[in-house]
Amino acid sequence: MKLFVQLVLFISLFIPYSTKAVLYVDIKKSNIGNIDLVVSKCACKTEVENELSESITKVIETNLSNCGLFNVKRDAKVESWKSDTVVTISLSEVSNRNLELSFRLSDSFTNRELLTQSVVFLAKDWRKISHLVSDLIHDRLIGEKGHFNTKITYIAEEKDSNYKSVRKIAVMNQDGSNIKYLTNGEKFVSTPRFSPNGKGIVYISYTNGKSYIILKNLKDNTESIISAFEGVISAPRFSPDGKSLFISHSLSGETNILSLDLSSKRTKKITKGSAISTSPSLSPDQKYMVFSSDISGSQQLYIIDFTKKSKKPKRISFGNGRYATPVWSPKGDLIAFTKIQSGKFYIGVMKPDGKEERLLSEGHKIESPAWLPNGREIIFTNAESPSNSKLYLVDLVKKNQKMVFTPTNASLPDWSYF
């Protein structure tokens with residue numbers, strides 16, 4: 001087995017619903033307090049057990065601390081666990097290559113056991129197991145699936161020895177570990193996007209006056225050309241069912257949105273006319289498409305209702321400034337966007353009908369928002385200068401921001417699905 005994660009999942013959830021409900025956090029409220037959490041490891045018998053136990057504990061602590069919903073107490077003593085939720089981790093060697101991790105989640109205030117599980121795994125997969133345990137803890141305490149086993153793709157950019165810019169498609173774990181470069185930097189690449197099934201990344205490459213849509217297989221590292229176009233292709237986005245790509249196509253002075261059927265390779269023009277229409281994104285139910293266009297004279301956000309025969313775009317942004325790069329949230333309740341006003345850039349969200357606009361972040365040049373699969377956080381590009389571009393996260397509730405570490409300049413991020 002690949003991961004040999006024989007989830008011998010001994011789930012002990014024999015707790016009345018009324019008890020469980022008290023432990024869930026209402027993550028939509030802004031005045032909530034974080035859950036106090038202690039991650040404790042049991043004594044180990046061997047050096048391997050001790051090293052891996054320490055590493056696993058550290059990753060779990062970092063994951064849960066970074067998600068903004070837990071107050072992780074590090075190195076807390078037993079006598080201080082008065083009202084904390086406690087994760088106890090035990091690791092033992094099963095064979096030379098296999099280990100068994102057992103963990104227990106309990107509420108020290110009520111002295112109730114919330115979850116116990118055991119996992120047998122290969123030693124080399126310790127980090128993936130750490131993310132798995134983090135997901136299970138998050139799910140049990142928040143009542144929502146964790147995102148710790150997901151990945152981030154982005155454009156990595158740096159200068160070569162001749163000070164020429166080299167761009168590569170990069171992919172890494174959500175915590176910044178295990179960075180891999182999927183292209184070699186010999187060609188110009190842009191806008192990587194995860195497929196909904198997580199098995200591939202599509203990106204755009206420009207060569208000899210043509211635009212190529214390329215699919216990179218993450219399993220065997222092969223790639224194939226999906227389609228080639230005269231003119232410029234940009235802003236690719238998968239349909240939620242993964243059967244189509246929606247793209248922006250610039251040719252002969254016109255920029256319109258096309259849909260590309262990935263099976264038949266047939267294209268269909270969604271927008272028509274002289275307006276510059278770009279950055280398409282479909283709602284989770286695929287009934288609507290949001291995009292950016294200057295139909296009204298300035299760059300604004302519009303929605304097309306695919307359930308209606310006319311397909312006439314309806315404007316939803318009416319604030320001051322210009323609006324760009326819209327992307328629908330995984331839950332379908334919000335649309336994230338970039339706003340440019342008076343020389344400043346903002347990352348914001350609004351309802352699909354354009355109401356309740358909220359600005360979450362302001363910067364010299366921040367753009368290209370992408371949703372985390374939980375629909376509570378957004379990753380975006382923060383370019384403080386042409387030579388300094390990084391990725392940042394902002395959460396919708398508290399507007400807390402943090403930088404996502406990358407060894408090179410980074411831009412145009414996308415986050416994988418669950």
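May I ask you to say which residue of Leu251, Leu282, Leu215 is in contact with a Ser or Thr (Cβ under 6 Å, 6 or more places away or on another chain), assigned by TED's automatic domain parsing to the domain that holds Trp328 and free of Cβ contacts under 8 Å to residues at least 24 places away in the same chain? Even if it seems obvious, please write down each step before you answer.
Numbers: Leu251 fails: in contact with a Ser or Thr (Cβ under 6 Å, 6 or more places away or on another chain); Leu282 fails: free of Cβ contacts under 8 Å to residues at least 24 places away in the same chain.
Exactly one residue qualifies, and that residue is Leu215.
Please find, among Lys287, Lys243, the residue that is in contact with a Leu (Cβ under 9 Å, 6 or more places away or on another chain) and of a type in the set (Lys, Arg). Can you show your working first?
Details: Lys287 fails: in contact with a Leu (Cβ under 9 Å, 6 or more places away or on another chain).
On inspection, the qualifying residue turns out to be Lys243.
If you go through region 118-150 and keep only what is surrounded by 19 or more Cβ atoms within 10 Å (Cβ to Cβ) and in a strand (DSSP E or B), you end up with Val119, Phe121. Screening the candidates Phe14, Phe10, Phe4, Phe109 for the property of being assigned to a loop (DSSP other than H, G, I, E, B) and at pLDDT 75 or above yields one hit, Phe109. All told, Met350 meets the bar of being in contact with a Phe, Trp or Tyr (Cβ under 8 Å, 6 or more places away or on another chain) and over 18 Å from Asn66 (Cα atoms). Looking across region 249-274 at every residue that is charged (D, E, K, R) and not in a loop (DSSP other than H, G, I, E, B), the one that is farthest from Ala228 (Cα to Cα) is identified as Glu254.
Applying the selection to region 94-114, what residues are touching a residue at least 24 places away in the same chain (Cβ under 8 Å) and over 29 Å from Met172 (Cβ atoms)? The answer is Val94, Asp107, Ser108, Phe109, Thr110, Arg112, Glu113, Leu114. Tell me, please, whether a residue that is modelled with pLDDT under 90 and either part of a strand (DSSP E or B) or under 16 Å from His138 (Cβ atoms) (or both) can be found in region 47-66. No, region 47-66 contains no residue that is modelled with pLDDT under 90 and either part of a strand (DSSP E or B) or under 16 Å from His138 (Cβ atoms) (or both). If you go through region 104-117 and pick out every residue that is surrounded by 15 or more Cβ atoms within 10 Å (Cβ to Cβ) and out of contact with any strand residue (DSSP E or B) (no Cβ under 8 Å at 6 or more places or on another chain), you end up with 0. Applying the set (1) exposed (fewer than 14 other Cβ atoms within 10 Å of the Cβ); (2) in contact with a Leu (Cβ under 6 Å, 6 or more places away or on another chain); (3) assigned to a loop (DSSP other than H, G, I, E, B) to Ser224 leaves exactly one unmet item: (3). Of the residues in region 365-374, not one is touching an Asp or Glu at 6+ places or on another chain (Cβ under 7 Å), without any contact (Cβ under 8 Å) to a residue 24 or more places away in the chain, within 20 Å of Ser279 (Cα to Cα) and crowded, with 20+ Cβ neighbours inside 10 Å.
Residue by residue through region 88-103, note down the ones that are part of a strand (DSSP E or B) and surrounded by fewer than 18 Cβ atoms within 10 Å (Cβ to Cβ). Hits for region 88-103 are Thr88, Ser90, Ser92, Glu93, Asn98, Glu100, Ser102.
When residues of region 189-205 are filtered for being over 21 Å from Thr325 (Cα atoms) and in a strand (DSSP E or B), how many remain? Before the answer, list the steps.
Within region 189-205, the subset over 21 Å from Thr325 (Cα atoms) is 197-200.
Okay, now just the ones that are also in a strand (DSSP E or B), so 200.
Here the count works out to 1.
From the set of residues in region 119-174 that are modelled with pLDDT of 95 or more and hydroxyl-bearing (Ser, Thr, Tyr), which is farthest from the chain's Cα centre (by Cα)? Of everything passing the filter in region 119-174, Ser130 is farthest from the chain's Cα centre (by Cα). Please indicate, with yes or no, whether at least one residue in region 383-395 is of a type in the set (Ser, Thr, Tyr) and in a loop (DSSP other than H, G, I, E, B). The answer is yes; a qualifying residue exists. For Val290, the conditions (1) within 22 Å of Thr191 (Cβ to Cβ); (2) not in a strand (DSSP E or B) are fulfilled apart from (2).
Residue-by-condition table, conditions (1) of a type in the set (Phe, Trp, Tyr); (2) in the same structural domain as Leu396 (by TED's automatic domain parsing); (3) at positive phi:
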| site | (1), (2), (3) |
| --- | --- |
| Phe306 | yes, yes, no |
| Ser310 | no, yes, no |
| Thr338 | no, yes, no |
| Gly343 | no, yes, yes |
| Leu360 | no, yes, no |
| Lys365 | no, yes, no |
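Here is the figure for region 293-339: residues that are more than 20 Å from Ile270 (Cα to Cα), free of Cβ contacts under 8 Å to residues at least 24 places away in the same chain and among the aromatic types (Phe, Trp, Tyr) total 0.
To keep it simple, each residue is scored yes or no on (1) among the charged types (D, E, K, R); (2) over 23 Å from Ser293 (Cα atoms); (3) without any contact (Cβ under 8 Å) to a residue 40 or more places away in the chain; (4) out of contact with any strand residue (DSSP E or B) (no Cβ under 9 Å at 6 or more places or on another chain).
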{"site": "Gln341", "(1), (2), (3), (4)": "no, no, yes, no"}
{"site": "Ser361", "(1), (2), (3), (4)": "no, no, no, no"}
{"site": "Arg376", "(1), (2), (3), (4)": "yes, yes, no, no"}
{"site": "Glu384", "(1), (2), (3), (4)": "yes, yes, yes, no"}
{"site": "Ser389", "(1), (2), (3), (4)": "no, yes, no, no"}
{"site": "Leu396", "(1), (2), (3), (4)": "no, yes, no, no"}
{"site": "Pro413", "(1), (2), (3), (4)": "no, no, no, no"}
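The values are calculated or read from the model by the stated rules, or taken from the named source; none is laboratory data. Remember, it's a predicted structure, so these values are computed and weren't measured experimentally. Don't worry about glycine lacking a Cβ; one is built from the backbone with ideal geometry, like all the others, and counts go over all protein chains shown.
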